[in-house]
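Working notes for the structure below.
The values are calculated or read from the model by the stated rules, or taken from the named source; none is laboratory data. Everything numeric in this text was worked out from a predicted model, so none of it was measured. For neighbour counting, all protein chains shown are included, and Cβ atoms are generated from backbone atoms with ideal geometry for every residue, glycine included. Areas reflect the complete protein model, heavy atoms only, side chains present, ligands, DNA and RNA absent. Shrake-Rupley method; radii C 1.70, N 1.55, O 1.52, S 1.80 Å.
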Amino acid sequence: MTKLLSSTTFSFTAAILFTACNNNPAPPTVTQDTQAISSANETPEYFNLRPALEKEYGYTHAVKIGNDLKISGAVSMTDSGTLIAPGNMEQQMKNCYSDLEKILKHYGYTFDDVYAENIYTTDMAAMEKALGFRNTIYTKQFPTGTWLEVKGLAVPGQLIEIDMEAHKVK
């Protein structure tokens with residue numbers, strides 16, 4: 001009897017699963033207008049903060065696809081690539097956020113739209129002392145993020161680099 005009950009239970013369960021898996025609703029209909037809007041919103045929009053330098057190093061500082069924005073690591077440097085404020089973590093951090101804000105504003109975003117931030121530093125202890133500055137940047141909510149201490153960054157004397165991602169509901 002137990003074997004018969006188990007067999008019946010298995011058959012009943014299998015029938016429900018099979019029916020549920022094959023009971024797919026029809027896919028939504030996509031009109032040509034919807035496709036055109038979707039395609040237009042998905043076209044990458046590139047932004048170069050320091051065009052000559054970015055071309056030399058082979059990267060683009062930011063790209064926006066739809067409502068998502070990805071910003072490459074911002075550093076404390078001039079347009080020609082000269083390090084600003086060597087040895088001064090707090091000033092380098094402020095310069096990074098200044099560049100990031102320029103890019104966010106270019107696309108109509110603010111720090112409130114940032115949902116992910118990664119900070120790379122060659123001196124975690126010095127960075128931790130300067131983190132209070134972030135309270136002036138993120139006044140509503142801090143984004144997710146990772147802080148990594150690394151052996152070195154792109155420019156000798158560079159102490160910090162910050163990249164981020166943002167999303168804006170339009």
Is one or more of the residues making up segment 154-169 surrounded by fewer than 13 Cβ atoms within 10 Å (Cβ to Cβ), acidic (Asp, Glu) and farther than 27 Å from Glu42 by Cβ? no
Taking first residues from segment 138-150 that are over 15 Å from His167 (Cα atoms) and open to solvent by 90 Å² or more (accessible area, probe 1.4 Å) and second residues anywhere that are in a loop (DSSP other than H, G, I, E, B) and of a type outside the set (Gly, Ala, Ser), the pairs with Cβ under 8 Å that are 6 or more apart or on different chains are Glu149/Thr122; Glu149/Asp123
Take segment 85-94 and flag every residue that is under 25 Å from Val114 (Cα atoms) and either open to solvent by 30 Å² or more (accessible area, probe 1.4 Å) or in a loop (DSSP other than H, G, I, E, B) (or both). Glu90, Gln91, Lys94
Cβ-Cβ under 9 Å, sequence separation 6+ or interchain: first residue in segment 46-62 and closer than 14 Å to Val75 by Cα, partner of a type in the set (D, E, K, R) and part of a strand (DSSP E or B). Which pairs? Ala62/Glu45; Ala62/Lys70
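Would you confirm whether any residue within segment 107-121 is of a type in the set (Ser, Thr, Tyr), outside any loop (DSSP other than H, G, I, E, B), open to solvent by 20 Å² or more (accessible area, probe 1.4 Å) and closer than 27 Å to Glu56 by Cα? Spell out the reasoning first.
Residues of segment 107-121 of a type in the set (Ser, Thr, Tyr): 107, 109-110, 115, 120-121.
Add one more test, that the residue is outside any loop (DSSP other than H, G, I, E, B), and what stays is 115, 120-121.
Remaining after also requiring open to solvent by 20 Å² or more (accessible area, probe 1.4 Å): 115, 120.
Still in the running and closer than 27 Å to Glu56 by Cα: 120.
Yes, because at least one residue in segment 107-121 is of a type in the set (Ser, Thr, Tyr), outside any loop (DSSP other than H, G, I, E, B), open to solvent by 20 Å² or more (accessible area, probe 1.4 Å) and closer than 27 Å to Glu56 by Cα.
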